[in-house]
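Structure first, then comments.
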Amino acid sequence: MSDSAPEPRPVTTEAVPLGTGTRRWLFHPPRRHGEVDTSRSVSFLELFYDLVYVVLIGQAAHTLAEDISWRGAATFAVIFGLIWIAWLNGTLFYELHGREDGHTRSLIFVQMLLLCLMAVYVGHADSDDGRVLAALYALLLALLSYQWYSVYRLDLPELRRTPRRYLIVMVAGIIVTAASVPLSADVRLAVWAVFVVAWCGVEFVILIFWRRRPSYDVVTETMVERFGLFIIIVLGEVVIGVVNGLTDTERSALVTTTGLLGLAIGFGFWWNYADLVSRRLPRETGHYLATWIFTHLPMAMAVAAGGAGMVGLVEHATDHRTPVAVSWLMGGSVAVMLLTTVVVLPTLEDYDRYPSAYKSVQVALVAAAVAALLAGWSRPAPWLLALTLLLVLFATWAFAFVRWLRQGSLINERSAESR
């Protein structure tokens, strides 16, 4: 008798008829509420989906760069809010209920087709193009509502209350946006603004009640990563703004230096978000998850607006003082980015473990936001404004870095060990 181990038997699987396998792949139902896959990673399809939003946000930011005014900023904020709501719905659906199958892929690609068509009209949403944009947005909301309904009808009765409320708000959004099609441009924008504020407010409350006594966990590392990737998407507008400004301006040492300082502001955005917020899990219960999610809207909007302001900053690089609108846009963008970070920090899972470190960082962020607003108000030369805002962002990061070192180690490392 041989002492060697027996050879393993080949693994055999039962053959599935082609028709049956195809039907399963194309019509596999989504995951129900509670069936959260905590072990998955961000897929190529999700990255592809997010790339479509680069075009939408780019169009909106380009329009703001051409018209930095109160009306231009208000229009940009409304359009960005619509874009973010669509992204949030698509992202959360895939995170909570999507599968790697033909059914999920097909619905996402249909969404991407609608989003690409919307991008054609986003740049002139405050004109007659807004009519087509409203119609396309209503179709997109209808498709997203169908997806959420496909989950709702599979859910256990005891888990249907929150999805039902969510669907009611989605249907109301379809009605409102569709009804805005025949309105005049100004009235339509006002309706959209009310819709964005109301939708976020109502869904914020629904999410709080849902998480008051959660029956299952929904926060995963992939969810946190998707929100971080969206911030990276809008950071791309900073790079585009600098490049467009340098392309359209007669280049000199001063103009180039101003552009590079502006680009470094984008680095400061990334550095603060990456080390203070990114890859840190938010808390599951109470208002924390809702706050974490919806604070990302003004945060991302501020970064994108800063990218739009880069064009004016570079184009006026040789001026003795930065134009009023450009100066306030840049200072305000940095201030909002810092203040939203202050709001996000208490929602993080490890906030209570290092309260003294986090609270001191919050104080520093508020002080830096005030400094950014003062810089915008004082209107120094463009290069000096860019340098000042860069130093403000660097100072907050440096303060946090030193504060955490005094705690014994970086919070990033402790967070990784605690997972």
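Any read-out appearing in this document is the output of simple, stated calculations on the displayed coordinates, not a laboratory observation. Predicted, not measured: the structure shown is a model, and the values here were computed from it. Methodologically, a virtual Cβ is constructed for each residue, glycine included, from the backbone with ideal geometry; neighbour enumeration extends over all protein chains shown.
So here's what we get for this one:
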item: Cβ-based exposure ranking for 218, 314, 370, in which fewest neighbours within 10 Å come first; result: 370, 218, 314
item: Rounded to whole Hz, the Karplus (6.51, -1.76, 1.60) HN-Hα couplings of region 302-317, x for glycine and proline; result: 5, 5, 5, 5, x, x, 5, x, 4, 4, x, 4, 6, 5, 9, 4
item: Vicinal HN-Hα couplings computed from phi for region 142-148 (Karplus, 6.51 cos²θ - 1.76 cosθ + 1.60; Hz; Gly/Pro x); result: 5, 5, 5, 5, 4, 4, 5
item: Base-10 log of normalised Debye intensity for the chain (one unit scatterer per alpha-carbon) at q = 0.13 Å⁻¹; result: -1.17
item: Backbone N under 11 Å from the residue 197 label point (7 Å along Cα→Cβ), restricted to region 59-85; result: none
item: Footprinting exposure proxy for 225, 237, 250 (fewest neighbouring C-beta atoms within 10 Å first); result: 250, 225, 237
item: Max mean-square fluctuation residue, GNM over the chain, Cα-Cα springs under 10 Å, options 405, 276, 329; result: 405
item: Rounded to 10°, Cα long-axis angle of helix 355-378 versus longest principal axis of the chain; result: 40 degrees
item: Region 218-312: trypsin sites (Lys or Arg not before Pro) falling in loop per DSSP and having at most 15 other Cβ within 10 Å; result: 251, 279
item: Full-extension gain in nm, residue 41 to residue 320, via 0.36 nm per residue minus C-alpha separation; result: 95.4 nm
item: Distant-in-sequence amide H partners of residue 319 (H built 1.01 Å from N, under 5 Å); result: none
item: Estimated FRET transfer efficiency (residue 164, residue 70; beta-carbon r; R0 35 Å; 0.05); result: 0.35
item: Highest-MSF residue in the chain out of 26, 390, 373 [GNM, Cα springs under 10 Å]; result: 26
item: nm² value of the averaged projected area, convex hull over the Cα atoms of region 38-210; result: 10.3 nm²
item: Gaussian network model of the chain, Cα within-10 Å springs - most flexible of 240, 175, 293; result: 175
item: 5 angstrom amide H check on residue 180, placed H, neighbours 5+ away; result: none
item: Inter-label distance, nm, simple model (7 Å from Cα along the C-beta direction), residue 250/residue 109; result: 5.1 nm
item: Sparse-neighbourhood loop sites, trypsin sites (Lys or Arg not before Pro) in region 307-379 - DSSP loop, at most 15 other Cβ within 10 angstrom; result: 321, 353
item: The chain: angle of helix 221-247 to the longest principal axis, Cα-based, in degrees nearest 10; result: 30 degrees
item: Over the chain: helical MRE at 222 nm, DSSP H runs n ≥ 4 each giving -39500 (n - 2.57), nearest 500; result: -25500 deg cm²/dmol
item: Angle between the chain longest axis and helix 70-97 axis [Cα atoms, degrees, rounded to 10]; result: 20 degrees
